[in-house]
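What follows is a set of notes on a single structure, which appears directly below.
Bear in mind these aren't lab numbers, they're just calculated from the coordinates by the rules spelled out. All of these numbers come straight from a predicted model, not from anything done at the bench. With ideal geometry, Cβ positions are generated from the backbone for all residues, glycine too; neighbour counts draw on all protein chains shown.
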């Protein structure tokens, strides 16, 4: 019995490691391709560890597109979106968890119902609207959609709802105002929720490709994903620069993933799944 | 005291104000747009054009087959991966493995496009070189991206890589929500592993499976960035429009052909199609007594 168990376990790990290699292989190919010379790339495409390490692709990348400017655009935009989303979602979630009021259940389901309107419906009329508002060509249409997402509010309501009501009551007796209670009680006690929503929003804006493609018309305003696609024409000459750009654009994501790890991400998704 | 009555509504108002302006208003104004011609006159022509448009049919059928493919390929794989993540052999490495599984999902579509072009391209593509090496040169290079017969397969490879991990985590959350007493009781009664899976785990995963298939449907009709970065946006998206997906076509109509009104009409038609498909899905996942 013991022996069978050991064979099972070994087999299990062999399969799992194969799966993990398949998942990680494209990343490895990206890293290796960023540092390989063109010649080695063409002759020994599959070789993961380059014989000759070169930084030429990074030079070409920086010479071809204003990489760091685009990097900063993406960073500032993502952080702005995170701050705005946390303020809006936090205030709304506080309203829903702190008070009992008429129509509470109905209004909450109204918020959830907004998720049923598919993006395909909104694409054209939203574009017309932003044009009429003279917001086409600005960063506004890139941030607004994150504020309309119902999932963040739902998540924060779930988590903030666990704050004991007595805390608010006793703070009120001490003469605490609502805003103070939001910042001193609700916010610190639902840090995890804010963290998850912040991370998810950052990822969404950082990785967004379609919205900037639709709304940004000046190359000087491009975000990183958009800038990277501009290397398309460059593919024919050298693929390394595109890979190098892709690699650098992954760095913030990798940093966040390694700091907050699976905890925030997985938790964030679970809450999303529960409502299904 | 009146202040206290208004207070809650003040707190929740930001979302409703924002949604009214930036969500509801366009959703409604789009209806008018879809029934107007370029001069602003009332017409049905936009919808007629959508229904008669062969490229639109192609985009919908592409999305439909991708949806079926993802349900029958990605979801079973994700369930398998979830069972592995839940296995007692995992011990303390579950966190690490699930982070690895999750990584493709937080990678931007542009990065995915760049990397998979390297993997799938015909000349010097990594997959083709591997196939060539394995088959000893007998397998000629496959045009994964340029042959219409391979287009769906190629996108499904990418979809599997990108989404099986997240879905396995969804399934895992479902599996972990199943009370362990149920499995123990079944085992005491002499049920085999397979029977336990078939009659306890699987039925109890229904709510989560319903959620995942819903995401699958919506996701299949929202494919955009992968295609544009892989094959670009020329007159045909992929050979013979084999990579033309609804979102891509919408974008095309808007910016290349500047047919705003027809694009608006198409948006609503796609929404109705989605509604029908999710209706069927809900019916398939209904609670049978």
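Assorted remarks:
- When the protein assembly as shown is reduced to its Cα atoms, the Kirkwood hydrodynamic radius in Å: 25.8 Å
- Shielding by partners - mean other protein chain Cβ count within 10 Å, residues of A:134-147: 1
- Expressed per residue, the C-alpha convex hull volume of the range A:100-149 stands at 103 Å³.
- With Cα atoms, 0 to 90° folded angle of helix A:2-35 axis to chain A main axis: 80 degrees
- Exercise: per-residue mean of other protein chain Cβ atoms within 10 Å, A:109-121: 6
- Angle between chain A longest axis and helix A:67-98 axis [Cα atoms, degrees, rounded to 10]: 20 degrees
- Sites residue A:140 and residue A:39, calculated FRET efficiency, Cβ-Cβ separation with R0 30 Å, nearest 0.05: 0.05
- Förster radius 45 Å - calculated FRET efficiency between residue B:147 and residue B:93 (Cβ-Cβ, nearest 0.05): 0.65
- Partner chain coverage, peptide B:221-228 - average Cβ within 10 angstrom: 3
- On Cα atoms only, tilt of A:104-113 relative to the major axis of chain A in degrees: 20 degrees
- Between residue A:21 and residue A:174, the modelled label-to-label distance comes to 5.9 nm, taking each label 7 Å out from Cα in the direction of the beta carbon.
- Highest GNM mean-square fluctuation among B:52, B:236, B:191, for chain B modelled with Cα contacts below 10 Å: B:191.
- Inter-centroid distance (Cα atoms) of the range A:46-90 relative to the range B:172-215, Å: 42 Å
- Mean-square fluctuations from a GNM of chain B, with a 10 angstrom spring cutoff on Cα atoms, peak among B:159, B:238, B:140 at B:140.
- Averaging Cα coordinates gives a centre for the range B:71-145 and one for the range A:98-156; these two points are 34 Å apart.
- Sorting the segments A:145-151, A:101-107 by their mean number of nearby beta carbons within 10 angstrom, highest to lowest, gives A:145-151, A:101-107.
- Protection proxy ranking for A:35-43, B:198-206, using the average of other Cβ atoms within 10 Å per residue and placing the highest first: A:35-43, B:198-206.
- Ordered by the count of other Cβ atoms within 10 Å of each Cβ, fewest first, B:270, A:15, B:208 give A:15, B:208, B:270.
- Ranked by the mean number of other Cβ atoms within 10 Å of their residues, highest first, the peptides B:17-27, B:177-187 fall in the order B:17-27, B:177-187.
- For the residues A:65, A:17, A:159, a GNM of chain A with alpha-carbon springs under 10 Å puts the largest fluctuation on A:17.
- Nitroxide proxy distance, nm - points 7 Å out along Cα→Cβ at residue B:5 and residue B:257: 5.6 nm
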